[in-house]
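Quick note: the coordinates plus some simple rules give every number you see, no bench work behind them. All values derive from a computational prediction rather than experimental measurement. Cβ sites come from the backbone with ideal geometry, for glycine too, and all protein chains shown count toward neighbours.
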Amino acid sequence: MPSRLCRSTLASAFVAFGLAIGVLPAHAADKVKVGFVSTLSGPSAALGVDIRDAFLLAVKLNGGKLGGLPAEVIVSDDQFKPDVAKGLFEKNIKRDKVDFMTGVVFSNIMLAALPEALDAKTFYLSPNAAPSSMAGKDCNPDFFAVAWPNDAYHEAAGQFATQRGMKSVYLIAPNYQAGKDSLSGFKRTFKGQVVGENYTKLGQLDYAAELAEVRAAKPQVLYVFLPGGMGINFIKQFVGAGLGKDITLLLPGFSADQDVIGPVGGAMSGLFNTAHWSPDFSNAANQKFVAEFRKEYNRTPTLYASQGYDTARLIDAAVRDVKGKLEDHEAVRKALKAAKFESVRGPFRFNTNQYPIQNYYVRTVGSDGKGGLINKSFSEPILKDHGDAYVQACAMK
Amino acid sequence: MSVLALEQALNGLQFGLMLFLLAAGLTLVFGVMDMINLAHGSLYMVGAFIGAWIVGLTGSFLLGIVGAVLGTAAFGMALESSLLRSLYARDHLSQVLATFALILILNDGTRMLFGNDLPLSAPAALDGPVELLPGLSYPAYRLVIIGAGLVLALSLYLLVVKTRMGALVRAGASNREMATAMGVDIKRLFTVVFGIGAGLCAVAGVLMGPLLAVQVGMGENILILAFVVIVIGGIGSIRGALVGALLVGVVDTFGRTVMQALFREFLPPQMASAAGPALASVAIYVFMAAVLAIRPQGLFPARG
């Protein structure tokens, strides 16, 4: 079990470290405890593993500290099960008495476990999931969405299709809440005509029938929201059916990320996708992150990795800001909201609902010069200082 | 519209033929040995993993298929003669429990040997589309699957109808006690039938691997469909399995797309997008229920 190994080595490293620096000032906490619960086993594990690896990398590059205090990160696996995640949250909060919770990849799992943290007034910093409900009426002062609102990539994609003068689009998503949300996000910014809309079974892997419908509908753009293995199969079959000649395939960033490029291969070349981050961003923080991540793990980081890295650095900035006084809940919240750190995505800030306001970019998959493929971003953002559509419903000011 | 219908018919045919390869083995085992083998889907998974492993080692897809067929058939026969044989005399509940346990064991065994999944891609030469008609390009790989499925269906049909072994299988399926009384070596027959069924599973597993995914648990979903196929077709009947598989393939393919379009005609879009997919995923089961209501013994019952 790599995660368990990681946890114990880290923990012992920090114990040793704590002994070495001796007694800390009495008014500040003597260490920062972070509960990290994520999907680390099973078919969907790659995403959680990337978030974890990048989070731990940020702590390591910081000399094992967050905000100047020795950090203890308790890593555990939710096994892709909401009830397991809920139990782990409870354990981390009640027994381990962590200062921050983070880690969950999937919205449905996070929403099941989240009350454990929020009821106990423990901060939850979401490194990925950011459902619309938590942005609007259910917004909470202890909840921060560090990555991007669930709709944002799709709004950016709709904007890009409009900007390119595309007149017709065909939409495909799995038949569940996030699938429907994503397509409404696209339609919010797309000005052309929707010639077809197809909701497939969640987890479907063979898309022959849907591709035949697309061929008959003759759209200019095909936009699909199919996370994980569904997307990998869809793209392969789209290319195999010879549809790429006449139809532009547009994807949300996570469907054209490094973990998809690997298994799909050359067929990804030239595809457009939208995201808030790209490995080629030239800001200093990102250059360092990408180089260090490659050095440590021997692979190119994904969006998920960038989000895990930023989450750790947000904690770092906030703890430093309050000078380690973690018991002052309100001060920590203000410091988190101020987000005084250089994010790998470039400039970003938190809105009143504690969801990010940031830029979104169109990326295209091209050669990395070493025989592989990598995402390259357009220099101008497609959406600038973009928030979310739900902030009005949030009571926080 | 006609081009669309043709393409969907090809898709239905392709899916149906792959289902047939699974259902053929299942229906023989069920029909001849009166044994419910839930672990049949696991043989499909084992075949896919062996195939993907060999393709990864040698780079040859053909070698992968051959190796998977031989390996899975041998594995199936070993399983039959060591373990499943002792279950024939038991009731169906014991068989279901034992073979369900076998699913769990094989899943974890595969995970230990190969990991959670293995990459498997179609041969590069078959990666692209083939233009069948002006305006209709069809993936070359799916055409190959259709071809392979048709050839196998035909050979299986000839084997069952024209050969001595086929006659024994048919005799076993229609009246097992009488066949034994007439001196048929039923033990050996069962082992061979089981091996053939496992080999067919392996072909389906390797051929479907690039279209779906070679992963632990891949057999469970498709096993349910294979059971639907043999219930529709009539248990023990190869002809029934073929017709049932093609019907299920076509109903599923058209159900997924036509149903949604149909609902959009007379329902508001919000409701259509909710009702269409919901009904599409149950279309096959509605169809099975209809068959059971009209012909409970299936379309082509093996027993008179």
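Pairing the Cα long axis of helix B:140-162 with the longest principal axis of chain B, what angle in degrees results, from 0 to 90 and rounded to the nearest 10?
The helix B:140-162 is inclined about 30 degrees to chain B.
Determine the sum of side-chain charges near A:N273: Lys and Arg each +1, Asp and Glu each -1, restricted to other residues whose C-beta is under 9 angstrom from that of A:N273.
Details: positive: A:R363; negative: A:D257.
Net local charge, A:N273 excluded: 0.
Normalised by the empirical 2.2 N^0.38 Å for globular proteins, what value does the Cα Rg of the protein assembly as shown take? Could you put the intermediate results ahead of the total?
Details: Rg = 28.0 Å, N = 701, 2.2 N^0.38 = 26.5 Å.
For the protein assembly as shown, the normalised Cα radius of gyration is 1.06.
I'd like the distance between the alpha-carbon centres of the range B:199-245 and the range A:140-218, rounded to an integer number of Å.
Distance between centres, Cα-based: 32 Å.
When only alpha-carbon atoms count, how far does the range A:181-334 stretch along each of its three principal axes, as whole angstroms with the largest first?
Result for the range A:181-334: principal-axis Cα extents of 62, 35, 28 Å.
Can you tell me the Rg and Dmax of the range A:265-344, counting just the alpha carbons, in angstroms?
Rg and Dmax of the range A:265-344, Cα atoms, are 16.0, 52 Å.
Using only the alpha-carbon atoms of the range B:3-219 as identical scatterers, what base-10 log of I(q)/I(0) does the Debye formula give at q = 0.13 Å⁻¹?
-0.77
Note down the magnitude of the dipole of the range B:3-219 about its Cα centre, charges +1 on Lys and Arg C-beta and -1 on Asp and Glu C-beta and zero elsewhere, to the nearest 20 debye.
On the way: 10 positive and 10 negative charges, 115 e Å.
That gives a dipole near 560 debye.
Local charge sum around B:V193 (other residues, Cβ-Cβ under 15 Å, Lys/Arg +1, Asp/Glu -1)?
With Lys, Arg at +1 and Asp, Glu at -1, the neighbours total +3.
For B:K162 and B:A274, what is the calculated FRET efficiency with R₀ set at 56 Å and r taken between the beta-carbons, to the nearest 0.05? Don't jump to the answer; show the numbers that get you there.
On the way: r = 51 Å, r/R0 = 0.91.
After rounding to 0.05, the efficiency reads 0.65.
Roughly how many nanometres apart are two label points built 7 Å out from the Cα toward the Cβ at B:F266 and A:Q193?
Between B:F266 and A:Q193, the simple spin-label model gives 2.5 nm.
Would you please state which residues of the range B:111-131 a label at A:S44 would reach in this model, taking the label point 7 Å out along Cα→Cβ and a backbone N cut-off of under 18 Å?
B:116-117
Can you tell me, using C-alpha contacts under 8 Å and at least 6 residues apart, the relative contact order of chain A as a whole percent?
On the way: 822 pairs, mean separation 72.2, N = 397.
For chain A, the relative contact order is 18 percent.
Going by alpha carbons, how many degrees (0 to 90, nearest 10) lie between the helix axis of A:208-217 and the longest principal axis of chain A?
60 degrees
Please tell me the relative contact order of the range B:233-304 in percent, rounded to the nearest whole number, where contacts are Cα pairs under 8 Å and at least six residues apart. All intermediate terms of the calculation are to be shown ahead of the outcome.
Values: 68 pairs, mean separation 34.6, N = 72.
It rounds to 48 percent for the range B:233-304.
How far is it, in nm, from the label point at A:K218 to the one at B:L104 when both lie 7 Å from their Cα along the line to the Cβ?
The two pseudo-label positions are separated by 5.6 nm.
Just tell me how shielded A:195-206 is by partners: mean number of partner chain Cβ atoms within 10 Å of each residue's Cβ, no decimals.
Values: counts 0, 4, 6, 8, 8, 6, 5, 1, 1, 3, 7, 11.
Taking all residues of A:195-206 together, the mean is 5.
What value does chain A have for Rg/Rh, both radii from Cα atoms and Rh as Kirkwood defines it? Intermediate results must be reported in sequence, preceding the final value.
Values: Rg = 20.9 Å, Rh = 21.5 Å.
Rounded to two decimals, Rg over Rh is 0.97.
Only loop residues by DSSP count here, and only those with at most 13 other Cβ atoms within 10 Å; note down the trypsin sites (Lys or Arg not before Pro) in the range A:92-157 that meet that. Write out the running numbers ahead of the final one.
Numbers: sites: A:K94, A:R95, A:K97, A:K121, A:K137; in loops: A:K97, A:K121, A:K137.
When the trypsin sites (Lys or Arg not before Pro) of the range A:92-157 are filtered for loop state and at most 13 Cβ neighbours within 10 Å, A:K97, A:K121, A:K137 remain.
If you take the charge dipole of the range B:3-219 about its Cα centre, with +1 on Lys and Arg Cβ and -1 on Asp and Glu Cβ, which of B:L19, B:L126, B:G199 is farthest toward its positive end?
B:G199
Counting other beta carbons within 10 Å of each Cβ, put B:I105, A:I172 in order, fewest first.
On the way: B:I105 12, A:I172 23.
Arranged by neighbour count, lowest to highest, B:I105, A:I172 become B:I105, A:I172.
Of the options A:A393, A:N359, A:S133, report the single residue whose Cα projects farthest towards the positive end of the charge dipole of chain A (beta-carbon charges: Lys, Arg +1; Asp, Glu -1).
Of the options given, the answer is A:N359.
By average Cβ neighbour count within 10 Å, what is the ranking of B:220-232, B:13-25 from highest down? It would help to have the intermediate numbers written out before the result.
Working: B:220-232: 21.6, B:13-25: 27.6.
Ranked by mean Cβ neighbours within 10 Å, highest first: B:13-25, B:220-232.
Express the relative contact order of chain B as a whole percentage, based on alpha carbon pairs under 8 Å and six or more residues apart in sequence.
On the way: 473 pairs, mean separation 105.3, N = 304.
Over chain B, the number comes to 35 percent.
Which far-off residues, 5 or more places away or on another chain, put their amide H under 5 Å from the one on A:N198, with H placed in the peptide plane?
It is A:L171, A:I172, A:A173, by chain and number.
When the Cα centres of the range A:353-397 and the range B:61-78 are compared, how far apart do they sit, in Å?
Comparing the Cα centres of the range A:353-397 and the range B:61-78, I get a distance of 48 Å.
Between B:L143 and A:A395, what is the label-point separation in nm under the 7 Å Cα-to-beta-carbon projection?
Rounded to a tenth, the inter-label distance reads 6.5 nm.
Whole-Hz ³J(HN,Hα) for each residue in the range A:193-198, computed from phi via Karplus 6.51 cos²θ - 1.76 cosθ + 1.60 with θ = phi - 60°, x for glycine and proline: what do you get?
Coupling constants for the range A:193-198: 9, 8, 8, x, 9, 10 Hz.
Could you tell me the convex hull volume per residue, in Å³, taken over the Cα atoms of the range B:29-154?
Dividing the Cα hull volume of the range B:29-154 by its residues yields 142 Å³.
Please list 3J(HN,Hα) in residue order for the range B:192-207, calculated via the Karplus relation 6.51 cos²θ - 1.76 cosθ + 1.60 where θ = phi - 60°; whole Hz, with x for glycine and proline.
5, 4, 4, x, 4, x, 5, x, 5, 4, 5, 4, 4, x, 5, 5
Treat every Asp and Glu Cβ in the range B:159-244 as -1 and every Lys and Arg Cβ as +1, leave all other atoms uncharged, and give the resulting dipole magnitude about the Cα centre to the nearest 20 debye. Mind dumping the intermediate values first?
Working: 7 positive and 3 negative charges, 70 e Å.
Dipole size: approximately 340 debye.
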